[in-house]
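The values are calculated or read from the model by the stated rules, or taken from the named source; none is laboratory data. Source: prediction; values computed, not measured. Virtual Cβ from ideal backbone geometry, glycine too; neighbours counted across all protein chains shown.
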Amino acid sequence: MENTKFSLMSFTGKMKILHLSWIAFFITFVVWFNFAPLLQMVKETLGLSTQEVKTLLILNVALTIPARVIIGMLTDRFGPRLVYSALLAVCSIPCFMFAFADSFMQAAIARFMLGFIGAGFVVGIRLVSEWFPHNELGTAEGIYGGWGNFGSAAAAFTLPTVALLFGGDEGWRYAIASTGLISLLFSFVFYKNVSDTPKGSTYFRPKHLSAMEVTSKGDFYFLLLMKIPMYAVLGLLAWKLSSSGIGMLSDLVVNSIYGGLVALYLLEASQVWKVNKNIFKEPVEEIHQYKFKQVAVLNVLYFATFGSELAVVSMLPLFFSETFELTPVLAGMVASAYAFMNLMSRPGGGWISDKFGRKLPC
């Protein structure tokens, strides 16, 4: 990490990394929520029902759950520079797919795949932590997260206007496609200008990438328990798409998904056992011990805070448009106010954690 002065107006060293990181995260949020302020236009062009619109909103965030775990593992293995660049480039493809979809099925597949871009947050967290000392890390991570999250507000504020500038019933397609193009182009900028660590520092990789390490028998079972909700949510999504829901998937496919989720959980549980089986033979050295409940508590806090933000950001523009009969542009502008506080609240929370410790802000 670098110990140079923390200055937002600097664009060299660690500050350059911070700025490029939050811009990358900002773009992922613009792409991830590029259709929320345009839902009314999308709904009318594709002839979607209200139930199908709600399904698209669910699909948009569904894959993010396992994606963040996968992207986190890849980041540990290959480094943030390569993984973030690849994520920005690859996720531009489903963005283009959604922009030019002409049926609900095509739009649904594209939105489901686009959920992967929501995993970008994980990459930047690791990258920023490599460059900043512990007494600046909260502020740096807050700027990264808060300014990046503002991408959803920027999308709500600008994309309806961009769609109108293109004009016609198809203007929303070009507005969404433009965000995919920005993501693709910035992937090259990021790759060319970022390094995983400061010069002379070592990028440490975990001994085991297949599963998280715990340090007690109780935490082993706790870890297995904490993995269940992810599979339960994906199972709920499959049910939502079944004949009991909107009828997008046949019962055979849905039952196959259920079986696949059970098999994946058992496979992951076996990996957890393989990595942690030694704790059943001998205790872990005290210096290496930690309490997994700290991870679980942060998990629940993040679920309650960021999870609610995702839900509101997704539906707010359409809510204002339909409830108060606002134009798409005005509805997007009003909805963007919700995420506006990210610009100050996250950096502020990070600064408080640097000054007074991490437990107090939570």
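Annotation note: Cβ proximity below 6 Å between a residue of the range 152-181 that is free of Cβ contacts under 8 Å to residues at least 12 places away in the same chain and a residue that is in a helix (DSSP H, G or I) (sequence gap 6+ or interchain) occurs for Phe166/Tyr174.
The set of residues in the range 304-327 being over 25 Å from the mean Cα position of the chain (by Cα), part of a helix (DSSP H, G or I) and either among the polar types (S, T, N, Q) or surrounded by 16 or more Cβ atoms within 10 Å (Cβ to Cβ) (or both) consists of Ser321, Thr323.
Of the conditions (1) surrounded by fewer than 23 Cβ atoms within 10 Å (Cβ to Cβ); (2) over 30 Å from Glu213 (Cα atoms); (3) not basic (Lys, Arg), Gly79 fails just one. Which one is it? It fails just one condition, (2). Hey, among Lys240, Lys227, which residue is modelled with pLDDT of 90 or more and out of contact with any helix residue (DSSP H, G or I) (no Cβ under 6 Å at 6 or more places or on another chain)? After applying the criteria, what remains is Lys227.
Evaluating Phe292 against the criteria (1) at pLDDT 85 or above; (2) surrounded by 12 or more Cβ atoms within 10 Å (Cβ to Cβ); (3) of a type outside the set (Lys, Arg); (4) under 30 Å from Thr50 (Cβ atoms) leaves one unmet condition, (4). Within the range 35-53, identify whether any single residue is buried (at least 24 other Cβ atoms within 10 Å of the Cβ), on the phi < 0 side of the Ramachandran plot, part of a loop (DSSP other than H, G, I, E, B) and not polar (S, T, N, Q), and answer yes or no. Yes, the range 35-53 has at least one match. Against the test of being assigned to a helix (DSSP H, G or I) and without any contact (Cβ under 8 Å) to a residue 24 or more places away in the chain, the options Leu249, Leu225 yield a single qualifying residue, Leu225. The set of residues from the range 252-300 being touching a Leu at 6+ places or on another chain (Cβ under 7 Å) and free of Cβ contacts under 8 Å to residues at least 12 places away in the same chain is empty.
What about Gly115, is it closer than 14 Å to Asn34 by Cβ, in a helix (DSSP H, G or I), within 16 Å of the chain's Cα centre (by Cα) and touching a residue at least 12 places away in the same chain (Cβ under 8 Å)?
It is true that Gly115 is closer than 14 Å to Asn34 by Cβ, in a helix (DSSP H, G or I), within 16 Å of the chain's Cα centre (by Cα) and touching a residue at least 12 places away in the same chain (Cβ under 8 Å).
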